[in-house]
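Notes follow the structure.
The values are calculated or read from the model by the stated rules, or taken from the named source; none is laboratory data. All values reported here derive from a predicted model rather than from experimental measurement. Reconstructed Cβ throughout: ideal geometry from the backbone, glycine too, with neighbour counts over all protein chains shown. Calculation scope for accessible area: heavy atoms of the full protein, side chains included, ligands and nucleic acids excluded. Shrake-Rupley method; radii C 1.70, N 1.55, O 1.52, S 1.80 Å.
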Amino acid sequence: MKKIFIYLSLVLIVGFVTAALYCNYYIHQNINKNNPVKISIPKGTGVGKIVDILNKEDLAQPKWLFEIYLKYLSIIDRKYLQAGVYLFPKNITTSELIDALFTSKYLYIARVTFPEGLTYLNFASILQKDALVDSAKFVKYAESDSLLNARKIHGKSVEGYLLPDTYEIYMESSAKDVIDKLLDAHEKMFNRINSQSSNPQKFSRHEILTLASIVEAETPDDSERSKVSGLYINRIKKNMLLQADPTVAYALGNNKRIFYNDLKTVNPYNTYKYKGLPPGPINNPGAKSIRAALNPDSHNYIYMVTIGDGTRRHNFSKTYSEHQKYVSQYRRRLKSQTN
C-alpha cells in the first residue's frame with residue numbers, strides 16, 4: 001500500500017512538473033514575427049473574445065490555457081484588461097504581451113495637434129488622418145443632441161468647445177472618447193481663465209466663446225486680441241452691426257475670399273446683416289483669444305482694417321473718416337503689390 005502511495009505521489013509530481021513546464025513554455029515563448037503586430041481590443045471585450053482576437057494573429061495559443069491564465073491574473077493581481085489598439089514589437093514574449101494588456105504598455109498612441117481657429121469639421125479630418133478616428137462618427141457625435149444637452153452646449157454642435165492643443169490619443173479611438181477628452185480639456189482651461197477674468201459684459205460661456213472665435217479669426221497677433229475684443233464690444237454697445245468678415249465666411253462654408261454680394265447672404269452668421277453676436281462660435285479659439293474675450297481692452301475704437309503688410313495686423317480707428325484713410329492706405333498697398 002505504501003509503495004502504491006509513493007508511486008501515485010511520484011506520478012502526480014511528474015504530472016504537475018510536466019504541466020508546469022508545458023504552461024511555462026507557451027506562456028514565455030517568443031512571438032517570432034517578422035513585423036510588429038497590431039491588435040485592437042474593443043471596450044467591454046471579455047477574456048474569451050480577447051484570446052480569440054490574439055489567436056487570429058497566431059498568438060496566445062492554446063486558447064484554453066490563456067483563457068485560464070488571463071482569468072487567473074485578473075483575480076490574483078486584481079488587474080483589468082485595457083481596451084485599445086496595441087502595437088507589439090516583433091521580439092517580445094507572449095508573457096510580455098499578456099502583461100501589456102493589463103498595463104497598457106504598448107498601446108498605439110498618436111500625438112495629434114489641433115491649431116487654433118479650426119472648425120470641428122477640421123478636427124474630424126485631422127483625427128481621421130493622424131489617429132484613424134472615424135471622421136463621420138466624430139461629426140455625428142459632435143452634433144448629437146444627447147452630447148450637447150449633457151454638456152449644456154447651447155448650439156447645434158461642439159463648435160467653439162474643443163480646445164486647440166497637442167494631445168496623445170489612442171489610435172482608432174471611438175469618436176465619443178476623443179470628443180469627451182477634448183471637451184474635458186476645454187472645460188478645465190475655460191474655468192481656470194474665467195476665474196481670473198473680469199468679464200465686464202457678463203457674457204455667458206457661449207457668448208464668450210463666440211466672441212473669442214471672431215477674435216481668433218481676425219488676428220494672430222497676441223498684442224491685438226484684447227483690442228479687437230474691445231472693438232466688437234464697443235460696436236455691440238452702440239447697437240452697430242459687427243461686420244466681421246470671418247462670420248460671413250463661416251456662413252458660406254469657410255470660403256476664404258469674401259465678395260460684396262456675399263455680404264447680403266441671408267444667414268444668422270452674417271454680421272453684416274444681423275446685429276449682435278452670431279448664434280455661436282465660428283471656430284475653436286485658443287486660450288489667448290478666450291482670455292481676450294473675457295478681458296477686453298477699454299477704448300473707443302469701432303473700426304479696423306488690415307494694414308496689408310503680410311502680418312495680418314490692423315489699423316484701428318475711432319471715426320469713420322479716419323477709418324477711410326486707413327482703408328485707402330490698404331488699397332494703395334494692395335495695388336502696389338499686384339502691379
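Filtering segment 157-179 to residues that are closer than 22 Å to A217 by Cβ and either surrounded by fewer than 21 Cβ atoms within 10 Å (Cβ to Cβ) or of a type outside the set (F, W, Y) (or both) leaves S157, V158, E159, G160, L162, L163, P164, D165, T166.
Please verify whether S226 is in contact with a helix residue (DSSP H, G or I) (Cβ under 8 Å, 6 or more places away or on another chain) and assigned to a loop (DSSP other than H, G, I, E, B), treating the condition exactly as stated.
When the stated conditions are applied, S226 does not pass them.
Residue by residue, here is whether (1) assigned to a strand (DSSP E or B); (2) within 29 Å of D165 (Cα to Cα); (3) modelled with pLDDT under 95 holds:
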residue	(1), (2), (3)
S289	no, yes, no
A292	no, yes, no
H299	no, no, no
D309	no, yes, yes
R312	no, yes, yes
Y326	no, no, yes
Q329	no, no, yes
R332	no, no, yes
Q337	no, no, yes
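Identify the residue in segment 131-156 that is within 15 Å of Y120 (Cα to Cα) and in contact (Cβ under 8 Å) with a residue 60 or more places away in the chain and, among all such residues, is least open to solvent (accessible area, probe 1.4 Å). The residue in question is G155. Taking the listed residues K38, K49, the one that is modelled with pLDDT of 70 or more, open to solvent by 90 Å² or more (accessible area, probe 1.4 Å) and touching a strand residue (DSSP E or B) at 6+ places or on another chain (Cβ under 7 Å) is K38, with no other qualifying. Here L121, L127, L107, L81 are screened, and the one residue that is in contact with a strand residue (DSSP E or B) (Cβ under 9 Å, 6 or more places away or on another chain) and within 30 Å of I214 (Cβ to Cβ) is L127.
Given R312, R332, which one is under 18 Å from D221 (Cα atoms) and either within 32 Å of the chain's Cα centre (by Cα) or surrounded by fewer than 16 Cβ atoms within 10 Å (Cβ to Cβ) (or both)? Checking each option against the conditions leaves just R312. Just one of the listed residues (S321, S298) is loosely packed, with under 13 Cβ neighbours inside 10 Å, within 30 Å of H186 (Cβ to Cβ) and over 32 Å from the mean Cα position of the chain (by Cα), namely S298.
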